[in-house]
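Worksheet: the structure to be examined is printed underneath.
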Amino acid sequence: MNNLAPAISPPSGVGDSKPANQAVLDWVQEVARLTQPDNVFWCDGSERENVYLLDQACRQKVLIKLNEKKVPGSYLHRSNPNDVARVEQFTLICTPTKEEAGPTNHWADPAETYSKLNAMLKGAMKGRTMFVVPYIMGPPDSPLAKVGFEITDSIYVVLSMRVMTRMGTVALRRLEASKDGEWNRGVHSLLDVNPDRRWICHFPQDNAIISVGSGYGGNVLLSKKCLALRIGSYLARKQGWLAEHMLILGVESPEGKKHYVAAAFPSACGKTNFAMLIPPKHFAGWKVTTIGDDIAWMQIGGDGQLYAVNPENGYFGVVPGTSHKSNPNAMKSIACDTIYTNVALTDDGDVWWEGKDGAPPAHAIDWRGNDWTPDSKDKAAHPNSRFATPMRNNPVLDPDVEKGEGVPISAIIFGGRRSDTMPLVVQALDWEHGVYVGATMASETTAAATGAVGQVRRDPMAMLPFCGYNIGEYLRHWLRIGARLENPPLIFNVNWFRKSADGKFLWPGFGDNMRVLKWVIDRCEGSEAAVKSPIGWLPRPDDLDLAELGGFPHQNIVELLGIDHEEWKRELAGHGEFFESLGGVVPDELLKQREKLAERFQV
Ligand code: GTP
Ligand code: SPV
Ligand code: MN
């Protein structure tokens with residue numbers, strides 16, 4: 001499929017909503033002078049613009065229109081096979097000093113990087129259209145909302161940004177009304193989609209992002225990981241709030257008591273699924289609603305509680321494994337108005353992927369564009385194939401999703417993909433211990449980033465690839481926020497992925513995660529159904545409601561909640577090695593937490 005589409009010539013009234021803001025005009029002119037596009041297309045986010053761009057994208061074979069009866073208003077995009085995931089090794093934080101970027105980021109000198117990128121961008125948009133995409137992250141009336149502009153030569157990026165953000169005129173209005181007049185400058189060019197010239201560069205001090213050489217997901221939808229997390233986390237520390245890789249869900253009891261929970265799991269470790277959870281039958285009357293599925297911006301409210309907003313307007317979710325059985329709300333969300341990337345195309349114009357309900361099609365076109373049958377060795381859909389779907393499609397969207405001040409957070413949950421060691425759920429002893437639990441989180445790597453899959457690595461707060469500054473400062477910021485919270489959320493850690501000796505998941509997961517969520521909520525409500533262990537408060541098997549969990553062996557829950565002292569000896573050593581690898585930036589409080597953990601194991 002073609003990524004590199006030639007210039008388009010829109011009819012009058014389309015692509016010409018030039019903003020009045022002089023700083024924006026100057027910047028766009030400067031980038032145009034460098035990249036030399038055939039023309040500039042100013043996006044307004046209107047329906048007319050969308051219809052025109054979708055039509056152009058189909059003509060240019062950037063998108064394939066799917067069967068209107070089967071998946072109305074939906075399209076398939078195939079990215080370059082060399083360009084299917086985030087590229088962490090080419091993601092740079094460009095701060096004046098290396099120390100500011102810290103030990104976990106790839107650092108580069110800002111001046112050198114600008115000049116290297118400018119050389120690559122010189123004339124890069126010749127023969128193409130340069131799109132200017134204004135957007136807002138956050139509910140427009142939120143004090144946390146941020147305006148960004150993304151310049152891109154990819155029509156797929158424009159169409160995806162329309163789904164993922166509040167895009168167009170609404171952003172121009174917000175900018176004009178804002179007191180500080182601040183906005184993020186994002187420049188993206190596909191160049192020639194060459195992995196040797198692929199760089200995702202962040203300049204936090206300039207509130208600027210430059211991304212070249214990719215046309216995929218988190219590399220190019222600059223609103224998401226680049227602005228909402230990397231630049232976002234930098235701004236959050238400066239301004240005293242938190243930008244986190246977290247879902248936000250609401251959970252309401254049959255009596256109508258509602259709590260909100262934020263949860264940080266690394267990429268492809270279950271955020272979207274947890275955010276849309278449907279409680280099992282046994283929990284009749286309980287309701288889970290979604291605020292966000294990937295990113296949370298959180299601030300301290302006037303009452304000393306933590307409040308969260310979802311800066312995004314859509315979901316960019318993992319497709320494989322999504323089914324009516326695992327995630328019915330996601331299936332409903334992606335039934336229409338969805339842009340699919342790198343899934344398989346069936347002969348009747350529908351989409352298919354591994355793990356979808358029903359039998360595989362006898363024939364399909366795989367994500368690379370090749371013929372595929374169930375006998376093929378290769379997967380039909382790429383393991384990191386994705387949907388981009390507007391959040392309004394979600395049948396369980398929380399009614400307070402547009403609330404500018406956010407929703408009050410009762411609990412924060414960390415969690416990784418660990419086949420051993422980590423129990424199904426554990427509650428931290430207090431905020432500081434909770435920060436330690438988050439800081440020492442580990443997870444097996446997934447297809448969401450290029451590189452080896454299945455390797456356990458430390459991923460503090462699921463932010464390893466997304467923290468835009470020094471990780472030691474980041475952890476210190478978490479400690480300081482805790483000190484300012486009069487009524488801090490309780491902190492938990494979960495692991496849906498623990499395996500038995502024969503390599504099978506011990507926990508059914510998905511909807512049944514409600515059983516763990518219920519215990520979390522009970523604890524927030526003051527329940528004493530827990531025992532103290534060296535690693536924190538654990539439920540006893542009877543403290544979890546496991547009723548009607550057909551065929552679930554009791555032995556599994558014993559294993560899931562068990563703490564193996566040999567494994568924890570290795571885990572403690574792993575924490576120590578990780579802290580050491582950070583070279584002295586770890587806050588003393590957390591070094592002490594590690595000593596205390598070791599002591600608790602000795603008594
Ligand atoms: P990103 O969008 O990359 O940040 O991912 P995410 O954290 O939103 O993960 P997502 O919910 O898309 O799930 C990723 C994969 O984990 C999918 O293949 C899911 O089917 C699988 N998964 C999610 N929840 C569970 C669970 O409770 N148990 C098991 N075994 N697998 C799960
Ligand atoms: C992730 O990798 O955590 C994602 C997908 O949410 S991407 O937007 O590509 O970063
Ligand atoms: Mn994510």
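The values are calculated or read from the model by the stated rules, or taken from the named source; none is laboratory data. Model, not experiment: these values are computed from the prediction. All Cβ positions, glycine included, derive from the backbone under ideal geometry; neighbour counts span all protein chains shown. Accessible surface is based on the protein model in full, side chains and every heavy atom, while ligands, DNA and RNA are left aside. Shrake-Rupley method; radii C 1.70, N 1.55, O 1.52, S 1.80 Å.
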How much net charge surrounds Phe316 when only the other residues with a Cβ under 13 Å from the Cβ of Phe316 are counted, with Lys and Arg +1 and Asp and Glu -1?
+3
I'd like the orientation of helix 47-59 relative to the chain: the angle between its Cα long axis and the longest Cα principal axis, in ° from 0 to 90, rounded to 10.
80 degrees
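For Gly213, what charge total do you get from the other residues with a beta carbon under 9 Å from its beta carbon, if Lys and Arg give +1 and Asp and Glu give -1? The partial results should precede the final answer.
Numbers: positive: Arg197, Arg198; negative: Asp83, Asp192, Asp196.
The answer is -1.
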Take the Cα radius of gyration of the range 487-546 and divide it by 2.2 N^0.38 Å, with N its residue count; two decimals is plenty.
1.22
Using only Cα atoms and rounding to the nearest 10 degrees, what angle (0 to 90) does helix 22-35 make with the longest principal axis of the chain?
70 degrees
Could you give each residue of the range 272-288 its phi-based ³J(HN,Hα) in whole Hz, using Karplus coefficients 6.51, -1.76, 1.60 with θ = phi - 60°, and x for Gly or Pro?
4, 5, 5, 5, 10, 3, 10, x, x, 3, 4, 9, 3, x, 7, 10, 10
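Normalised by the number of residues in the range 398-476, what is the relative contact order in percent for Cα pairs under 8 Å and 6+ residues apart?
Working: 63 pairs, mean separation 18.4, N = 79.
Averaging sequence separation for qualifying contacts and normalising by length gives 23 percent for the range 398-476.
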Alpha-carbon Debye profile of the range 372-442, log10 I(q)/I(0) at 0.14 Å⁻¹
-0.86
What is the packing order of peptides 488-494, 559-565, taking the mean over residues of other C-beta atoms within 10 Å and listing the highest first?
488-494, 559-565
If the only charges are +1 at each Lys and Arg Cβ and -1 at each Asp and Glu Cβ, what is the size of the charge dipole of the chain around the Cα centre, to the nearest 20 debye?
720 debye
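What ranking, highest mean first, results for peptides 300-306, 324-330 when packing means the other Cβ atoms within 10 Å averaged over each residue? Numbers along the way, then the final one.
Values: 300-306: 14.7, 324-330: 18.7.
Going from most to least packed, we get 324-330, 300-306.
Can you give the calculated 222 nm mean residue ellipticity of the chain, where each DSSP H run of n ≥ 4 adds -39,500 (n - 2.57) and the sum is split over every residue, rounded to the nearest 500 deg cm²/dmol?
Values: 16 runs with 158 residues, N = 603.
Mean residue ellipticity at 222 nm (helix-derived): -7500 deg cm²/dmol.
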Roughly how many Å² of Phe510 are accessible to a 1.4 Å probe, to the nearest 10?
100 Å²
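Normalised by the number of residues in the range 81-185, what is the relative contact order in percent for Cα pairs under 8 Å and 6+ residues apart? Before the final figure, lay out each step's value.
On the way: 119 pairs, mean separation 21.0, N = 105.
The value is 20 percent.
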Using each residue's phi in the range 95-107, evaluate 6.51 cos²θ - 1.76 cosθ + 1.60 at θ = phi - 60° and report the 3J(HN,Hα) Karplus result to the nearest Hz, with x for Gly and Pro.
10, x, 10, 5, 4, 4, 6, x, x, 9, 9, 7, 9
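Kindly sort Tyr315, Tyr114 by accessible area of their heavy atoms, largest first, with the probe set to 1.4 Å.
Largest accessible area first, the list is Tyr114, Tyr315.
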Straight-line reach only, C-alpha to C-alpha below 23 angstrom: list the lysines that Lys225 could link to, leaving out same-chain residues fewer than 8 apart.
Lys98, Lys116, Lys146, Lys238, Lys271, Lys403
The answer for Ser211, listing residues at least 5 apart or on another chain whose modeled amide H is closer than 5 Å to its amide H, is Val187, His188, Ser189, Cys201
Can you give the accessible area of Tyr340 in Å² (nearest 10), computed on protein heavy atoms with a 1.4 Å probe?
0 Å²
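To the nearest µm²/s, what D does Stokes-Einstein give for the range 463-603 at 10 °C and 1.306 mPa s, using the Kirkwood radius over alpha carbon pairs as Rh?
Numbers: Rh = 17.7 Å.
Diffusion coefficient, whole number: 90 µm²/s.
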Quick one: angle between helix 565-581 and the longest Cα principal axis of the chain, in degrees between 0 and 90, rounded to 10, please.
40 degrees
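Which percent, nearest 5, of DSSP beta bridges in the range 379-505 are antiparallel?
Working: 7 of 12 bridges.
Looking only at bridges with both residues in the range 379-505, the antiparallel portion is about 60 percent.
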List Ser154, Ser12, ordered by accessible area with a 1.4 Å probe, largest first
Ser12, Ser154
Residue among Ile64, Trp286, Trp537 farthest towards the positive dipole end of the chain, charges placed on Cβ:
Ile64
Put one equal scatterer on each alpha carbon of the chain, apply the Debye formula with no solvent term, and list log10 I(q)/I(0) at q = 0.07, 0.08, 0.12 1/Å to two decimals.
-0.41, -0.54, -1.25
What number comes out for the charge environment of Lys122, summing +1 per Lys or Arg and -1 per Asp or Glu over other residues with Cβ under 13 Å away?
+3
Given a cut-off of 28 Å, name the pairs among Lys18/Lys224; Lys258/Lys325; Lys224/Lys592 whose C-alpha atoms lie farther apart than that in the structure shown.
Lys224/Lys592
Express the relative contact order of the chain as a whole percentage, based on alpha carbon pairs under 8 Å and six or more residues apart in sequence.
14 percent
Give the shape of the range 335-456 as rounded, prolate or oblate, defined through the alpha-carbon gyration tensor: a ≥ b ≥ c are the square roots of its eigenvalues, a/c under 1.5 means rounded, and otherwise the shape is prolate if a/b is larger than b/c and oblate if not.
oblate
For Phe131, what accessible surface area do you get with a 1.4 Å probe? Give it in Å², rounded to 10.
10 Å²
